[in-house]
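The values are calculated or read from the model by the stated rules, or taken from the named source; none is laboratory data. Source: prediction; values computed, not measured. A quick note on method: Cβ atoms are made from the backbone with ideal geometry, for glycine too, and the neighbour counts reach across all protein chains shown. Keep in mind that these areas ignore ligands, DNA and RNA; they rest on the heavy atoms of the full protein, side chains included. Shrake-Rupley method; radii C 1.70, N 1.55, O 1.52, S 1.80 Å.
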Amino acid sequence: MKKYIMAFDSGTTSCRTLIFDSEFNIISSAQKELKQIFPKPGWVEEDPNEIFSTQLGTAVEAMAKMNINANDIAAIGITNQRETTIVWDRQTGEVIYNAIVWQCRRTSKYCDSLREVGYRDEIYKKTGLEVDAYFSATKIKWILDNVSGARERAERGELLFGTVDTFLIWKLTKGVHVTDYSNASRTMLYNINTLEWDDELLKLMDIPKSMLPEVKETAEVYGETAREFFGEEIKIASAVGDQQAALFGQGCFKKAEAKNTYGTGAFLLMNTGDKKVESKNGLVSTIAWGIDGKITYALEGSILIAGSSIQWLRDDLKLIDSAEDSEYLANKVSDTEGCYVVPAFTGLGAPYWNQYARGTICGLTRSVKKAHLVRATLESMAYLSNDVLKAMEEDLGALKILKVDGGASANDFLMQFQADIIDREVVRPKDIESTVRGAAFLAALGVGMFSSIDEISEKFNIDKNFIPNMAAEVRENKLKLWRKAVSRAFDWAEE
Ligand code: G3P
């Protein structure tokens with residue numbers, strides 16, 4: 001009997017595979033970090049072949065650890081870093097350029113020019129997105145404009161585009177070229193009202209339609225893995241952008257339910273039901289999932305840097321040895337000694353959308369020590385999340401609780417500070433792997449292990465509730481200084 005679901009989490013900084021039993025307990029896992037390439041300040045790339053081989057390697061490892069055969073696996077669900085752009089040859093599979101990672105800022109100037117000539121509103125109405133280098137469209141254009149011979153090859157129909165989900169599926173199935181609604185909605189080429197690739201936007205960016213994948217539902221069988229990978233074929237039954245996967249994996253199935261995931265970035269999403277909401281406060285609209293012919297939308301606040309600032313403390317500044325050390329150090333001091341870190345390493349996302357903002361440290365004095373700097377970096381995640389939450393509440397009304405997940409949500413200091421700063425209860429589930437859980441649920445749905453979403457609703461358990469416990473005036477004072485620090489980061493890299 002096929003009893004397991006294998007979920008791939010192809011993230012920005014690592015690839016992971018988790019295997020779930022039929023009760024959705026994790027029974028095996030494997031993880032490997034991915035190399036990040038920074039060719040110029042503000043540019044971020046990865047090697048697509050490394051993404052594929054790393055992802056595959058973790059799958060093989062996770063299966064081997066528990067002696068699991070392909071025959072035992074009912075389906076694979078893929079969840080992935082979104083927007084990251086890969087272009088390859090339809091015949092040979094050879095990639096023509098590195099993956100341009102969602103964080104990459106190389107097309108900022110082109111985005112400015114689109115806004116200057118008045119495209120902002122049209123693009124926002126069609127795609128739900130702000131014109132920003134973050135999304136795939138301008139990255140595809142950059143590859144076609146800058147890689148020798150690429151445009152001609154694309155026009156002859158020889159090249160394919162895909163986000164990471166599409167590339168993995170194409171490689172694993174040897175040629176199925178698909179994506180799902182949630183990933184398509186992050187390209188800035190997909191019209192989320194008509195549910196079609198938008199011909200006008202394709203013309204504007206000069207991107208041939210033949211490059212684009214077919215857009216499928218979020219839970220359905222797209223194809224089977226070729227036998228060479230796992231010994232037998234396995235069905236691939238879901239491809240879902242990681243933030244939408246986390247919304248699903250947190251059980252936010254109803255309108256107005258929201259979650260915040262602290263991964264490389266932090267992403268606050270609220271389910272808005274079958275209606276797209278147009279934000280007046282710098283948030284983007286996106287497709288959460290498409291299941292059984294029904295589209296569910298979400299409002300999203302994307303914070304470009306969150307957990308990766310902890311990586312920066314660990315790998316670049318060498319202030320800590322492990323991410324866990326950050327909690328220990330933050331708790332050793334009672335505040336940040338007036339120090340604020342704004343980790344705008346790749347600009348600021350929602351609600352500011354300042355492409356030229358750069359990282360800033362304010363309020364340094366001789367009494368600021370390592371622990372204060374570490375604490376200020378952790379606190380910045382909570383401040384940035386608060387900025388997004390307040391924007392969302394202005395659009396849609398007050399939230400009662402905020403569900404949290406992702407690596408840094410394990411940090412009790414950060415979660416308590418988050419509750420204090422937003423002045424709302426923060427709820428952490430027992431299993432903070434909501435992203436992979438979402439992908440596993442969706443794949444199970446895709447192969448009929450659940451007959452409807454309602455059957456999944458019972459599968460959630462709370463670990464801890466964080467109750468706000470900060471005096472209003474203390475909070476207001478901190479927020480005032482935070483806003484001042486953010487304003488110092490604005491436009492730094494603008495020439
Ligand atoms: O939009 C980018 C997002 O999908 C990346 O998520 O957690 O892999 O950094 P993460």
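Listing for the model above:
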quantity: Translational diffusion of segment 315-422, µm² s⁻¹ [Kirkwood Rh, Cα pairs; Stokes-Einstein; 25 °C; 0.890 mPa s]; calculated: 164
quantity: Using alpha carbons only: equivalent-ellipsoid semi-axes of segment 121-204, gyration tensor based, whole Å; calculated: 21, 17, 11
quantity: Rg and Dmax [Cα atoms of segment 1-84; Å; Rg one decimal, Dmax integer]; calculated: 14.4, 52
quantity: Three-way shape call for segment 373-437 based on the alpha-carbon gyration tensor, with the a/c threshold at 1.5; calculated: oblate
quantity: Mean projected area (nm²) of the alpha-carbon convex hull when segment 251-494 is viewed from all directions; calculated: 13.8
quantity: Ratio Rg/Rh [Cα only; Rh per Kirkwood] for the chain; calculated: 0.95
quantity: Per residue accessible area in Å² of the chain, where ligands, DNA and RNA are left out and the probe is 1.4 Å; calculated: 38
quantity: For segment 4-216, average projected area of the Cα convex hull in nm²; calculated: 12.2
quantity: Nitroxide proxy distance, nm - points 7 Å out along Cα→Cβ at GLU425 and ALA256; calculated: 1.5
quantity: Interatomic Cα distance distribution for segment 134-183, bins of 5 angstrom, percent; calculated: 5, 19, 23, 24, 21, 8, 0
quantity: Percentage, to the nearest whole number, of Cα pairs in segment 248-389 over 27 Å apart; calculated: 31
quantity: Gyration tensor (alpha-carbon) shape descriptor, segment 400-495, a/c threshold 1.5; calculated: oblate
quantity: Accessible-area composition of the chain, carbon plus sulfur, in percent [1.4 Å probe]; calculated: 47
quantity: Two-decimal ratio, segment 163-259, of alpha-carbon radius of gyration to 2.2 N^0.38 Å; calculated: 1.21
quantity: Over segment 251-494, relative contact order from alpha-carbon pairs under 8 Å, at least 6 apart, %; calculated: 20
